[in-house]
1. Within region 23-49, track down each residue that is farther than 28 Å from residue 3 by Cβ and either buried (at least 21 other Cβ atoms within 10 Å of the Cβ) or more than 14 Å from the ligand (Cβ to nearest atom) (or both).
2. Take the residues in region 1-35 that are assigned to a strand (DSSP E or B) and without any contact (Cβ under 8 Å) to a residue 60 or more places away in the chain; name whichever of them is farthest from residue 163 (Cα to Cα).
3. State the number of residues belonging to region 340-352 that are surrounded by 19 or more Cβ atoms within 10 Å (Cβ to Cβ) and either touching an Asp or Glu at 6+ places or on another chain (Cβ under 7 Å) or aliphatic (A, V, I, L, M) (or both).
4. Looking only at region 242-282, filter to residues that are modelled with pLDDT of 85 or more and of a type in the set (Gly, Ala, Ser); which one of those is farthest from residue 189 (Cα to Cα)?
5. Which of the residues spanning region 113-162 are aromatic (Phe, Trp, Tyr) and at pLDDT 95 or above?
6. Going through region 63-99 one residue at a time, which ones are without any contact (Cβ under 8 Å) to a residue 24 or more places away in the chain and more than 9 Å from the ligand (Cβ to nearest atom)?
7. Among the listed residues 86, 99, which satisfies the condition of being surrounded by 22 or more Cβ atoms within 10 Å (Cβ to Cβ), assigned by TED's automatic domain parsing to the domain that holds residue 113 and touching a His at 6+ places or on another chain (Cβ under 8 Å)?
8. Which condition does residue 156 not pass, out of (1) touching a strand residue (DSSP E or B) at 6+ places or on another chain (Cβ under 8 Å); (2) under 18 Å from residue 242 (Cβ atoms), if it passes all the others?
Amino acid sequence: MTEKKLHFGIIGFGFMGQTHANMITNDLDYAEVVAVCDINKLQLENADASYKTYLTADELLTEETIDTVIIAVPNHLHLEMVKKVAAAGKDIICEKPAAMNAEEFAEMQRVVAEAGVRFTIHHQRRWDKDFNIAKEVYQSGTLGKTYTIQNSLYGFNGNMHDWHIYPEFGGGMLYDWGVHLLDQMLYMVDSEIDTVYATVKNVINKDVDDYFNIQLQFKNGVTGQVELGTYFLSQEDGWFERHWFLGGNEGSAKIDGFHPQGEITRTTDLLRNVPGQITMTAAGPTRSFGPAPEGRIVTEPLPEVNTQHRDYFDAYYDYITGKGELVVKPEQILRLMKLMDAIRVSAKEHRSISFE
Ligand SMILES: NC(=O)c1ccc[n+]([C@@H]2O[C@H](COP(=O)([O-])OP(=O)(O)OC[C@H]3O[C@@H](n4cnc5c(N)ncnc54)[C@H](O)[C@@H]3O)[C@@H](O)[C@H]2O)c1
């Protein structure tokens, strides 16, 4: 058996705490779970017999062999737990959204710096396959000058559940999925953001958001759009998954679904200053929006990528053992938290916010 190099403790043994424990135990030969804790003892019944179990974080933190603690409690408790873990001198992987706002996150940064512990956030969606295809399409420049990147995610279930229905616990879709979608956009587009405009709504839910549409005007000319609706219905195949659309001046790309399908689409030649051909459509004659003449539209396959969520832990392991740099950097997350704050102001005041 390979000697284990990472020894994890997990605070909060609910959905995500158990997901982490399963991956560490089943998939990572360099890591082990030493102990888990949860205030709800029923959750601890799901723990593997090899884990020690505790009802409080304080007890778990007395385990000397733990070197990294994963914080997987509801969002409003992240700061409190980061303080406890830092005081115990252990490295930290905190679940997303890292904090309730940028001010809280800056406090976390101060606390971990003072304690001298390593600190990162679990943004494993940087390894989503569909995202990495979109990133590769954008960064390779194959579309020419990209002017729009649209990222959308739709669901049918409407209602939020458990603690996600309470704003004071960090409920709502902006905290839940928005933070992933925005992190991906910031990680992909290497440019400052000029302005942010956001619409955030409660469609089905009384107190927390379940729809948002956010526009980011990057200084390099890209408009990033992120849209999510939990009650956004269509019968179209694959609708209730994620969709990417990238538009450039030399082609477009469409990437659909978490097991992504799609293509790059181009015209056989760029029709600059060529008089349009009139076609008749149900909406009347048009030179721009009718069907393309036979053979004018061509497609190419999307690039292949081979990423998976365990890569997050592999990258963390490389960082801890000095073989690689930290991928999810606190300074990136501070920017993300500031962006989330700006989005809330924009949505509340119905105005565009100058960001950077
Ligand atoms: N990265 C991802 O893809 C992803 C996915 C889901 C959830 N999350 C994040 O993980 C965190 C937990 O979400 P979840 O879906 O697992 O919630 P959950 O409700 O399923 O689990 C949270 C657990 O924390 C426990 N808990 C609450 N207060 C505690 C305390 N003081 N000490 C110890 N345990 C306590 C609860 O009893 C519960 O079992 C959230 O921050 C959430 O945003 C991340």
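1. 38
2. 32
3. Residues in region 340-352 being surrounded by 19 or more Cβ atoms within 10 Å (Cβ to Cβ) and either touching an Asp or Glu at 6+ places or on another chain (Cβ under 7 Å) or aliphatic (A, V, I, L, M) (or both): 4 in total.
4. So the residue we want is 282.
5. Scanning region 113-162 gives 119, 127, 131, 138, 147, 154.
6. 64
7. The unique qualifying residue is 99.
8. All conditions pass for residue 156, except number (1).
The values are calculated or read from the model by the stated rules, or taken from the named source; none is laboratory data. Remember, it's a predicted structure, so these values are computed and weren't measured experimentally. Cβ atoms come from the backbone with ideal geometry, glycine included; neighbour counts cover every protein chain shown.
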